[in-house]
Amino acid sequence: GAIVNLTGVPSGPTLTDSNGFYTFGLLTSGNSYTIGVSVPNYIFLSHPLNNLVKNVRLDFSPVVFNVTGQVTRCGGAQSGVTMSLTDGKALTTTTDGSGNYSYTNLPAGRNYTVTPTQTGFTFTPASRSLTSQGANQTASFVVTPPPFAVVDGRVLTADGRGLRNATVSIIDSN
């Protein structure tokens, strides 16, 4: 379970049960306390209880953040790029028609790496390393087109049938 820490008088830790519940009993009315949660690879915000006079229920959720970005090529969107998130959590998504992608509700306090891939292309940067303490982050990339181009087509006869064994040449117009 998670370690739940109570500071004040009295103070001390307790562990959550199998359902995430915890209890600090016999606290002195009128005293002030702070309750915090400690779980490896997660960040939880502490909650102060000033001048405690009645029973209080405090629920904790980890701090989360989002990573968003866009992949562009020559100023326009690049769709269909596979975006891989690794290290702190492993996820994969694909850029949409506007070149955008997003990962939501990622646990803060971990390191992440975002890497774009698409056959035949390279990206700048090749990947982005992110460390978050809870603030949303942007990781955008630019596609570098391959240093070659492909020209293909079909040679037809006058009546529209494919012409076998035709020789096609490229003539340098420069």
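The values are calculated or read from the model by the stated rules, or taken from the named source; none is laboratory data. Since the model is a prediction, treat every value here as computed from it, not as a measurement. Please note: Cβ atoms are built from the backbone with ideal geometry, for glycine as well, and neighbour counts cover all protein chains shown. These accessible areas exclude ligands, DNA and RNA; they are computed on the full protein's heavy atoms, side chains included. Shrake-Rupley method; radii C 1.70, N 1.55, O 1.52, S 1.80 Å.
Evaluate region 79-91: report whether one residue or more is without any contact (Cβ under 8 Å) to a residue 60 or more places away in the chain, in a loop (DSSP other than H, G, I, E, B) and surrounded by 14 or more Cβ atoms within 10 Å (Cβ to Cβ).
Our first condition is that a residue be without any contact (Cβ under 8 Å) to a residue 60 or more places away in the chain; within region 79-91, this holds for 79-80, 82-91.
From what's left, in a loop (DSSP other than H, G, I, E, B): 79-80, 88-90.
Restricting the remaining residues to those that are surrounded by 14 or more Cβ atoms within 10 Å (Cβ to Cβ) gives 79, 88.
Yes, region 79-91 contains a residue that is without any contact (Cβ under 8 Å) to a residue 60 or more places away in the chain, in a loop (DSSP other than H, G, I, E, B) and surrounded by 14 or more Cβ atoms within 10 Å (Cβ to Cβ).
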- Message: Any residue that is open to solvent by 70 Å² or more (accessible area, probe 1.4 Å) and more than 28 Å from the chain's Cα centre (by Cα) - is there at least one of those in region 95-116?
- Response: no
- Task: Within region 1-30, count every residue that is loosely packed, with under 11 Cβ neighbours inside 10 Å and outside any loop (DSSP other than H, G, I, E, B).
- Result: 2
- Has region 139-146 got at least one residue that is among the polar types (S, T, N, Q), open to solvent by less than 70 Å² (accessible area, probe 1.4 Å) and in a strand (DSSP E or B)? yes
- Subset of region 35-55, residues under 30 Å from A135 (Cβ atoms), free of Cβ contacts under 8 Å to residues at least 60 places away in the same chain and open to solvent by 50 Å² or more (accessible area, probe 1.4 Å), comes to S38, P40, L45, S46, H47, P48, N50
